[in-house]
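Novice: Please find one structure pasted underneath; my questions will follow.
The values are calculated or read from the model by the stated rules, or taken from the named source; none is laboratory data. Note that the structure is a prediction, hence the values are computed from the model and not measured. Every residue, glycine as well, gets a Cβ built from its backbone with ideal geometry; the counts of neighbours run over all protein chains shown.
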Amino acid sequence: MLTLRFLTAGESHGPQLTAIIEGVPAQLPLLAEDIDRELARRQGGYGRGRRMQIEKDRVQIVSGVRHGMTTGAPITFVVENKDWKNWTKIMGAEPISEEEAEKMRRKLTRPRPGHADLNGAIKYGHRDMRNVLERSSARETTVRVACGALAKVILKACGIEVAGHVREIGGIRAEETNYATIQELQKRSEESPVRCLDEDASKKMMAAIDKAKQDGDSIGGIVEVVVAGVPIGLGSHVHYDRKLDGKIAGAVMSINAFKGVEIGIGFEAARLPGSQVHDEITWSEEEGYKRKTNRLGGFEGGMTNGMPIVVKGVMKPIPTLYKPLQSVDIDSKEPFAAGVERSDSCAVPAASVVCENVVAWEVANALLDTFGSDQLPLIQAAVERHHAASKEF
Ligand SMILES: Cc1cc2nc3c(=O)[nH]c(=O)nc-3n(C[C@H](O)[C@H](O)[C@H](O)COP(=O)(O)O)c2cc1C
């Protein structure tokens with residue numbers, strides 16, 4: 001049985017980010033441009049800071065793919081940090097003297113409230129919190145998106161599409177969130193600078209981002225990911241750690257700054273009677289089993305029910321503020337205004353792309369878990385057979 005897994009490595013201002021992925025079937029057509037497209041989407045979005053203008057991310061595929069086709073061997077993705085040339089001394093692996101370290105003045109002793117700085121410093125014993133920041137930075141999500149992009153290629157080859165959009169930024173909600181097909185959702189969210197389907201709300205969101213920037217503040221929001229074309233029965237009810245909704249929730253929560261997850265109507269289910277929460281079941285010869293509604297977001301019993309997967313994630317406002325909050329210098333123990341690193345004022349549109357990709361990864365993993373084989377064509381055939389069998393079941 002094949003299961004996908006990956007490791008990422010690399011610092012925000014180090015030479016590169018790397019991901020090694022194991023468990024990808026052979027015979028999957030894969031091009032660098034499939035990955036680069038997602039990397040570019042992650043870098044876009046209204047409200048990003050200067051770093052995203054420096055970095056134009058491109059993947060190098062350095063193993064596991066030959067002549068545009070996966071071989072079944074581990075795949076390695078490398079994304080260079082263009083900014084590295086300005087950080088070679090500060091971030092180099094070679095030892096440096098105390099004097100040099102002092103001169104470079106990039107030592108961080110003022111933890112930012114809301115970031116990993118203080119906890120990471122205490123946990124790993126770092127007097128220079130740059131050792132924490134460099135890895136806790138959301139720059140790491142670049143290669144997580146690269147892995148998700150690969151997952152999207154696997155899913156697409158099996159008739160499964162992923163899309164995402166922004167539902168809320170800084171308290172401004174999209175009212176118009178309807179779409180007829182997942183392709184329409186993909187297209188319309190791509191057209192909005194904030195990835196929001198509601199044009200009026202998009203403008204207000206951009207104004208809110210501008211205001212946050214002016215005020216030296218930051219704002220968060222809510223993103224939604226939809227996965228369509230999913231076979232019935234990915235995940236499993238038989239054991240807690242095989243429930244796909246649980247895995248997706250864990251993946252979404254693992255995105256930097258994400259503080260909540262909902263599947264389908266999520267928290268609203270607490271306030272409604274069962275008759276307005278559960279989705280009635282229908283059957284027809286053409287479509288097989290369907291639900292009249294999709295309030296449970298495509299899941300029952302930790303398994304997909306064939307309806308689109310719908311997941312929402314809540315992103316808190318970015319912790320690095322130009323208008324700093326109070327903190328304590330870990331050397332002097334004096335109160336200080338928290339150190340300002342280069343930062344975005346709102347990364348919710350970018351985070352919606354990250355969210356799409358981490359969800360894609362979990363779904364692809366579950367797909368291979370159920371239909372796993374060493375070769376893509378055999379997986380595709382198994383998925384087809386399964387669709388036909390579930391229709392008639
Ligand atoms: C796409 C994206 C971009 C981010 N950009 C920044 C940033 O520029 N500055 C910042 O302080 N935090 C940024 N964050 C959030 C931090 O990485 C995150 O808050 C930090 O790692 C602490 O983790 P936690 O918020 O999950 O507790 C970003 C998050 C995402 C998903």
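Novice: For the list (1) modelled with pLDDT of 95 or more; (2) crowded, with 22+ Cβ neighbours inside 10 Å; (3) of a type outside the set (A, V, I, L, M), I need the number of the one condition that Q375 fails.
Specialist: With (1) modelled with pLDDT of 95 or more; (2) crowded, with 22+ Cβ neighbours inside 10 Å; (3) of a type outside the set (A, V, I, L, M) applied to Q375, the lone miss is (2).
Novice: Still on this structure: With the condition kept exactly as written, say whether any residue in the stretch 292-310 is away from the ligand (no atom under 14 Å from the Cβ), among the polar types (S, T, N, Q) and without any contact (Cβ under 8 Å) to a residue 40 or more places away in the chain. Break it down stepwise before answering.
Specialist: Pass one, the stretch 292-310, residues away from the ligand (no atom under 14 Å from the Cβ): 292-310.
This time we only want the ones that are among the polar types (S, T, N, Q), so: 293-294, 304-305.
Right, trim to without any contact (Cβ under 8 Å) to a residue 40 or more places away in the chain and you get 293-294.
Scanning the stretch 292-310 turns up at least one residue that is away from the ligand (no atom under 14 Å from the Cβ), among the polar types (S, T, N, Q) and without any contact (Cβ under 8 Å) to a residue 40 or more places away in the chain.
Novice: With the condition kept exactly as written, say whether any residue in the stretch 155-169 is in a helix (DSSP H, G or I), in contact with a Lys or Arg (Cβ under 8 Å, 6 or more places away or on another chain) and of a type outside the set (V, I, T).
Specialist: No, the stretch 155-169 has no match at all.
Novice: Scan the stretch 263-290 residue by residue and report those that are part of a strand (DSSP E or B) and either exposed (fewer than 15 other Cβ atoms within 10 Å of the Cβ) or of a type in the set (A, V, I, L, M) (or both). Walk me through it before giving the result.
Specialist: Of all residues in the stretch 263-290, those part of a strand (DSSP E or B) come to 263, 281-284, 288-290.
If the condition is that a residue be part of a strand (DSSP E or B) and either exposed (fewer than 15 other Cβ atoms within 10 Å of the Cβ) or of a type in the set (A, V, I, L, M) (or both), then I263, I281, T282, W283, S284 are the ones that fit.
Novice: Based on this model, can you work out whether G220 counts as in contact with a strand residue (DSSP E or B) (Cβ under 9 Å, 6 or more places away or on another chain), at pLDDT 95 or above and closer than 27 Å to A382 by Cβ? Outline the logic, then answer.
Specialist: Values: in contact with a strand residue (DSSP E or B) (Cβ under 9 Å, 6 or more places away or on another chain): yes; at pLDDT 95 or above: yes; closer than 27 Å to A382 by Cβ: no.
So G220 does not fit the description; no.
Novice: Right, here's the next one. Are any residues in the stretch 123-139 within 12 Å of the chain's Cα centre (by Cα) and buried (at least 21 other Cβ atoms within 10 Å of the Cβ), and if so, which ones?
Specialist: Initially, the stretch 123-139 is screened for residues within 12 Å of the chain's Cα centre (by Cα), giving 138-139.
Once the filter is applied, which keeps residues that are within 12 Å of the chain's Cα centre (by Cα) and buried (at least 21 other Cβ atoms within 10 Å of the Cβ), the stretch 123-139 yields only R139.
Novice: Let me ask something additional. Just need a number here: residues in the stretch 231-275 that are of a type in the set (A, V, I, L, M), closer than 16 Å to A351 by Cβ and away from the ligand (no atom under 16 Å from the Cβ).
Specialist: Looking only at that region, the number is 1.
Novice: V194 - would you say it is within 19 Å of R41 (Cα to Cα) and assigned to a strand (DSSP E or B)?
Specialist: When the stated conditions are applied, V194 does not pass them.
Novice: In the stretch 78-124, how many residues are outside any loop (DSSP other than H, G, I, E, B) and within 16 Å of the ligand (Cβ to nearest atom)? Give the derivation first.
Specialist: In the first step, residues of the stretch 78-124 are kept if they are outside any loop (DSSP other than H, G, I, E, B); the result is 78-80, 82-86, 88-91, 98-104, 117-124.
Restricting the remaining residues to those that are within 16 Å of the ligand (Cβ to nearest atom) gives 79, 83, 117-124.
The number of residues fulfilling the criteria is 10.
Novice: Out of all the residues in the stretch 165-198, which are over 30 Å from R385 (Cβ atoms), touching a strand residue (DSSP E or B) at 6+ places or on another chain (Cβ under 7 Å) and of a type outside the set (D, E, K, R)?
Specialist: H165, V166, I169, G170, A174, T177, S189, V194, C196, L197
Novice: Moving on to the next point. Can you tell me which condition D344 does not meet? The list is (1) touching a Lys or Arg at 6+ places or on another chain (Cβ under 6 Å); (2) at pLDDT 95 or above; (3) within 20 Å of T142 (Cβ to Cβ), and all the others hold.
Specialist: Against the list (1) touching a Lys or Arg at 6+ places or on another chain (Cβ under 6 Å); (2) at pLDDT 95 or above; (3) within 20 Å of T142 (Cβ to Cβ), D344 comes up short only on (2).
Novice: On the given criteria, is A180 surrounded by fewer than 23 Cβ atoms within 10 Å (Cβ to Cβ), part of a loop (DSSP other than H, G, I, E, B), away from the ligand (no atom under 13 Å from the Cβ) and modelled with pLDDT of 95 or more?
Specialist: On the way: surrounded by fewer than 23 Cβ atoms within 10 Å (Cβ to Cβ): yes; part of a loop (DSSP other than H, G, I, E, B): yes; away from the ligand (no atom under 13 Å from the Cβ): yes; modelled with pLDDT of 95 or more: yes.
Considered against the rule, which asks whether it is surrounded by fewer than 23 Cβ atoms within 10 Å (Cβ to Cβ), part of a loop (DSSP other than H, G, I, E, B), away from the ligand (no atom under 13 Å from the Cβ) and modelled with pLDDT of 95 or more, A180 comes out as yes.
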